[in-house]
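Chemist: Okay, here's the structure, questions in a sec.
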């Protein structure tokens, strides 16, 4: 499981990527301490909410293991948006292990639970593959999840790792989406290919890939218009955009990421499912984890659809996009 | 909208209805189903608990079980509780005795504030008010541009000063402008903020102090999960908002957030935003929504929509034609266009009683509005003669129509066949026999689907 940017971004052999500043590399003095900071911030923000606090599982809960323990456990996971089905699976698995005597004391039960949750989250290929040139990364999702912001932050990260980046403003629907991405391009100091609102997204993307090839750019990040997965016409349009890319590249995009808002409830599973029917989704970006929402829906997506989380968004700053760490995420789900 | 929730509840409800007698055990079983259905719909865990307890108490007490039709009574209790949970009967915006009425929009990032601001502006303008919107989201890049464009599309005044100035100052300045232009309403868009972000929450409070809004509306994404309640509580604490605009209700979110927010904060849902276009904003009617969830249909909304969109004299004309069996494909086309004016097919059908099951089949068959586009194309490729008398359409005409409409011969055949059936059904209706709505629907939809 990659926990640093250099692990996360799979580049050509021989390419020397630098760990971006503000993020610790393998050999920096206090790697754990700093990364923990993200989740400490999460916990602190959680503490500001009484609701979340009451749902938190104190370790004392595991001292006596009875029906109430399992019920409280289910409650905590459901409150974290893990969903009734995934919750029932995990809890009954844990219950069985306890009954069979595999896990005995309270602290071990707690640790085992975090392990089970982390296992669920650890599926498929968890790196972002940018070995192709240009490596095309398509970013999709419903409205308002943070696609454009994610692309801006990702561009900045990749740039500071020493990769050249080009942005394609494929959201030609939302008013001013192109301007928003342009601002990000300036911040990340990278090129952008844009068209006016209302123009064909496919054409913009085609141009972007062409330009990237001509200038030997490493990574093309493609923004798309937010669309509700229930809009078949818009989903068809997305599939078409994907075909345009595939035709131009002679293969699918190197990476297709779906951006999911961590406040999303059980509907997130439908979103991921239907989007992955239109385009082959390789990973999830879980955004807005700096609120009180714990993003448990990502577990349901990983568990039921086999799509791993690759990145998390934890704030507004350009550095607040991080590689996903399953263990920390699982611990945070339990308010740990 | 609320589809999966209503499907589940409808199953349980029809089971209850079908019974002559109910025991406490029967009610408990039904309550367990309801509990799971609500949880799967993202209704807050605690709200679910309370809801189920309240329904159970009412269902078991008050002599419901001894009544003549206990099942019906329980269904009624559930329906009433649902409506109660979502806010009783509808509530209006508060309007100032001395204009402008100020409306402050708040919410998380990506909840749809800016779009909702423009939509509400348009909505109030349609009601005959003069409206201005103030762009105070200086955080998100290009948010000001977005409101500027949407506001102009909506035909309202846009007050913006770029992103350099302090949002609090911009809000105050905009209020001054609204006053001097004697506008009826000023809607203030603000930056999306996390409820745990103290600086931004303070900014919101400052805007509130400076502009003294008559209404503070919180935009809540219908797809929100269990966290909706935390968000609403925190915003309530900071701003004492007055009501909620539920956004993105046109997806297939089960809308549990909608159910929970009122229960926890006591703040009603005033508007529902149901589409990407600027006119896709509706007053939220909790009682009607509860009935829609339970599959009792939302006939009132449908009638209101129809009254707004349909031409009454046209409708009378149609009816006469149907009765006399003079209904042609031209008339069908006209009707099709009118129905489509009322919105996407699925949302119109969702309002009709007894359509819950049919809707499910429609979803499975993936019927969307493009099927109707094809029907229209086929009819438009016919000559006036053919539209009056589809019986003349044979081999070569069929081929020509198929080519002209970009479809195929089978599709044309289907359409004429279905139209023939439709006319038969209309004759039946005219003679007073009511056809089964689901059968009618299946018949019609088949025309476009099996190409």
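The values are calculated or read from the model by the stated rules, or taken from the named source; none is laboratory data. Since this is a predicted model, take the numbers as computed values, not measurements. Backbone-built Cβ (ideal geometry, glycine too); neighbour counts: all protein chains shown.
Chemist: Go through the residues of the range A:288-296 one by one and say whether even a single one is assigned to a strand (DSSP E or B) and in contact (Cβ under 8 Å) with a residue 24 or more places away in the chain. Spell out the reasoning first.
Modeler: The first filter runs over the range A:288-296 and keeps only residues assigned to a strand (DSSP E or B), leaving none.
No, the range A:288-296 contains no residue that is assigned to a strand (DSSP E or B) and in contact (Cβ under 8 Å) with a residue 24 or more places away in the chain.
Chemist: Among the numbered conditions (1) farther than 20 Å from residue A:180 by Cα; (2) more than 14 Å from chain A (Cβ to nearest Cβ); (3) in contact with a helix residue (DSSP H, G or I) (Cβ under 9 Å, 6 or more places away or on another chain), tell me where residue B:167 comes up short.
Modeler: (1)
Chemist: Which of the residues that make up the range A:245-269 are in contact with a strand residue (DSSP E or B) (Cβ under 8 Å, 6 or more places away or on another chain) and under 30 Å from residue B:257 (Cβ atoms)?
Modeler: Of all residues in the range A:245-269, those in contact with a strand residue (DSSP E or B) (Cβ under 8 Å, 6 or more places away or on another chain) come to A:245, A:249, A:253-265, A:268.
Scanning the range A:245-269 gives A:256, A:257, A:258, A:259, A:260, A:261, A:262, A:263, A:264, A:265, A:268.
Chemist: Show me the helices (runs of 4 or more DSSP H) entirely contained within the range B:331-440 in which 3 or more residues are within 22 Å of residue A:232 (Cβ to Cβ) and at pLDDT 75 or above. Working first, answer last.
Modeler: Working: elements: B:345-350, B:356-365, B:369-380, B:384-388, B:395-405, B:409-430.
Once the helices (runs of 4 or more DSSP H) in the range B:331-440 are filtered for at least 3 residues that are within 22 Å of residue A:232 (Cβ to Cβ) and at pLDDT 75 or above, what remains is B:369-380, B:409-430.
Chemist: Residues of the range A:192-205 being out of contact with any helix residue (DSSP H, G or I) (no Cβ under 7 Å at 6 or more places or on another chain) and touching a residue at least 24 places away in the same chain (Cβ under 8 Å), which ones? Walk me through it before giving the result.
Modeler: Step one: of the range A:192-205, the residues out of contact with any helix residue (DSSP H, G or I) (no Cβ under 7 Å at 6 or more places or on another chain) are A:196, A:198-200, A:203-204.
Passing the criteria: A:196, A:198, A:199, A:200, A:204.
Chemist: Kindly list, by first and then second residue, each pair from a residue in the range B:22-39 that is outside the structural domain of residue B:78 (by TED's automatic domain parsing) and closer than 24 Å to residue B:259 by Cβ to a residue that is buried (at least 18 other Cβ atoms within 10 Å of the Cβ) and at pLDDT 75 or above, limited to pairs with Cβ atoms under 9 Å and residues at least 6 apart or on different chains.
Modeler: none
Chemist: For residues that are assigned to a loop (DSSP other than H, G, I, E, B) and either under 20 Å from residue B:193 (Cα atoms) or away from every other protein chain (no Cβ under 12 Å) (or both), tally how many sit in the range A:175-191. Outline the logic, then answer.
Modeler: Keep residues of the range A:175-191 that are assigned to a loop (DSSP other than H, G, I, E, B), which gives A:175-176, A:189-190.
Then keep just the ones that are either under 20 Å from residue B:193 (Cα atoms) or away from every other protein chain (no Cβ under 12 Å) (or both); that gives A:176, A:189-190.
The number of residues fulfilling the criteria is 3.
Chemist: Can you tell me which residue is nearest to residue A:116 (Cα to Cα) among those in the range A:70-90 that are surrounded by fewer than 20 Cβ atoms within 10 Å (Cβ to Cβ) and away from chain B (no Cβ under 14 Å)?
Modeler: If we filter the range A:70-90 for residues that are surrounded by fewer than 20 Cβ atoms within 10 Å (Cβ to Cβ), which is where we start, we get A:70-72, A:74-75, A:84-85, A:88-89.
Remaining after also requiring away from chain B (no Cβ under 14 Å): A:70, A:89.
Numbers: A:70: 15, A:89: 10 Å.
Once the filter is applied, the top-ranked residue is A:89.
Chemist: Follow-up. Go through the range B:206-230 residue by residue and tally those that are more than 23 Å from the chain's Cα centre (by Cα), in a helix (DSSP H, G or I) and either within 25 Å of residue B:124 (Cα to Cα) or within 14 Å of chain A (Cβ to nearest Cβ) (or both).
Modeler: Going through the range B:206-230, the residues more than 23 Å from the chain's Cα centre (by Cα) turn out to be B:206-214, B:230.
Checking the rest, the ones that are also in a helix (DSSP H, G or I) come to B:206-211, B:230.
With either within 25 Å of residue B:124 (Cα to Cα) or within 14 Å of chain A (Cβ to nearest Cβ) (or both) added as a condition, the list becomes B:207-211, B:230.
Of the residues in the range B:206-230, 6 are more than 23 Å from the chain's Cα centre (by Cα), in a helix (DSSP H, G or I) and either within 25 Å of residue B:124 (Cα to Cα) or within 14 Å of chain A (Cβ to nearest Cβ) (or both).
Chemist: Test residue A:145 against the stated conditions and say whether it is under 28 Å from residue A:327 (Cα atoms) and in contact with a strand residue (DSSP E or B) (Cβ under 8 Å, 6 or more places away or on another chain). Working first, answer last.
Modeler: Values: under 28 Å from residue A:327 (Cα atoms): yes; in contact with a strand residue (DSSP E or B) (Cβ under 8 Å, 6 or more places away or on another chain): yes.
Against the criterion (under 28 Å from residue A:327 (Cα atoms) and in contact with a strand residue (DSSP E or B) (Cβ under 8 Å, 6 or more places away or on another chain)), residue A:145 qualifies.
Chemist: Quick one: in the range A:274-297, which of the residues that are surrounded by fewer than 24 Cβ atoms within 10 Å (Cβ to Cβ) and within 11 Å of chain B (Cβ to nearest Cβ) is nearest to residue A:233 (Cα to Cα)?
Modeler: Here the residue is A:274.
Chemist: It is to be established whether one or more residues within the range A:124-141 are in contact (Cβ under 8 Å) with a residue 40 or more places away in the chain, buried (at least 24 other Cβ atoms within 10 Å of the Cβ), within 14 Å of chain B (Cβ to nearest Cβ) and part of a helix (DSSP H, G or I).
Modeler: No: the range A:124-141 contains no residue that is in contact (Cβ under 8 Å) with a residue 40 or more places away in the chain, buried (at least 24 other Cβ atoms within 10 Å of the Cβ), within 14 Å of chain B (Cβ to nearest Cβ) and part of a helix (DSSP H, G or I).
Chemist: In the range B:128-136, is there at least one residue being touching a residue at least 60 places away in the same chain (Cβ under 8 Å), closer than 24 Å to residue A:149 by Cβ and over 23 Å from the mean Cα position of the chain (by Cα)? Talk me through it step by step, then tell me what you get.
Modeler: Going through the range B:128-136, the residues touching a residue at least 60 places away in the same chain (Cβ under 8 Å) turn out to be B:136.
So of that shortlist, the ones also closer than 24 Å to residue A:149 by Cβ come out as B:136.
Imposing the further condition that a residue be over 23 Å from the mean Cα position of the chain (by Cα) reduces the set to B:136.
Yes.
Chemist: Filter the range A:205-264 down to the residues that are under 30 Å from residue A:315 (Cβ atoms), in a helix (DSSP H, G or I) and more than 10 Å from chain B (Cβ to nearest Cβ) and list them by number. Step through it out loud before you land on a result.
Modeler: Initially, the range A:205-264 is screened for residues under 30 Å from residue A:315 (Cβ atoms), giving A:205, A:208, A:212, A:217-229, A:234, A:238, A:241, A:253-264.
Cutting the leftovers down to in a helix (DSSP H, G or I) gives us A:205, A:208, A:212, A:234, A:238, A:241.
If the condition is that a residue be under 30 Å from residue A:315 (Cβ atoms), in a helix (DSSP H, G or I) and more than 10 Å from chain B (Cβ to nearest Cβ), then A:205, A:208, A:212, A:238, A:241 are the ones that fit.
Chemist: Restricting the range A:298-322 to residues that are outside any loop (DSSP other than H, G, I, E, B) and farther than 24 Å from residue A:85 by Cβ, which is nearest to the other protein chains (Cβ to nearest Cβ)?
Modeler: Of the residues in the range A:298-322, the ones outside any loop (DSSP other than H, G, I, E, B) are A:298-305, A:309-313, A:321-322.
Still in the list and also farther than 24 Å from residue A:85 by Cβ: A:311, A:313, A:321-322.
Working: A:311: 17, A:313: 10, A:321: 14, A:322: 17 Å.
Here the answer is A:313.
Listed here are the residues, each with its yes/no results for (1) in contact with a strand residue (DSSP E or B) (Cβ under 7 Å, 6 or more places away or on another chain); (2) modelled with pLDDT of 70 or more.
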{"position": "B:27", "(1), (2)": "no, yes"}
{"position": "B:31", "(1), (2)": "no, yes"}
{"position": "B:44", "(1), (2)": "no, yes"}
{"position": "B:54", "(1), (2)": "no, yes"}
{"position": "B:66", "(1), (2)": "no, no"}
{"position": "B:72", "(1), (2)": "no, no"}
{"position": "B:81", "(1), (2)": "no, yes"}
{"position": "B:89", "(1), (2)": "no, no"}
{"position": "B:94", "(1), (2)": "yes, yes"}
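Chemist: For the range B:245-257, state whether one or more residues are more than 10 Å from chain A (Cβ to nearest Cβ), more than 28 Å from residue A:76 (Cβ to Cβ) and modelled with pLDDT of 90 or more.
Modeler: Yes: one or more hits.
Chemist: Name every residue in the range B:140-163 that is in a loop (DSSP other than H, G, I, E, B) and either within 14 Å of chain A (Cβ to nearest Cβ) or under 20 Å from residue B:101 (Cβ atoms) (or both), in order of residue number.
Modeler: Answer for the range B:140-163, where residues must be in a loop (DSSP other than H, G, I, E, B) and either within 14 Å of chain A (Cβ to nearest Cβ) or under 20 Å from residue B:101 (Cβ atoms) (or both): B:140, B:141, B:142, B:155, B:156, B:160, B:162, B:163.
Chemist: Filter the range A:144-173 for residues that are surrounded by fewer than 23 Cβ atoms within 10 Å (Cβ to Cβ) and under 14 Å from residue A:225 (Cβ atoms); which is farthest from the other protein chains (Cβ to nearest Cβ)?
Modeler: Step by step, filter the range A:144-173, then rank; the result is A:172.
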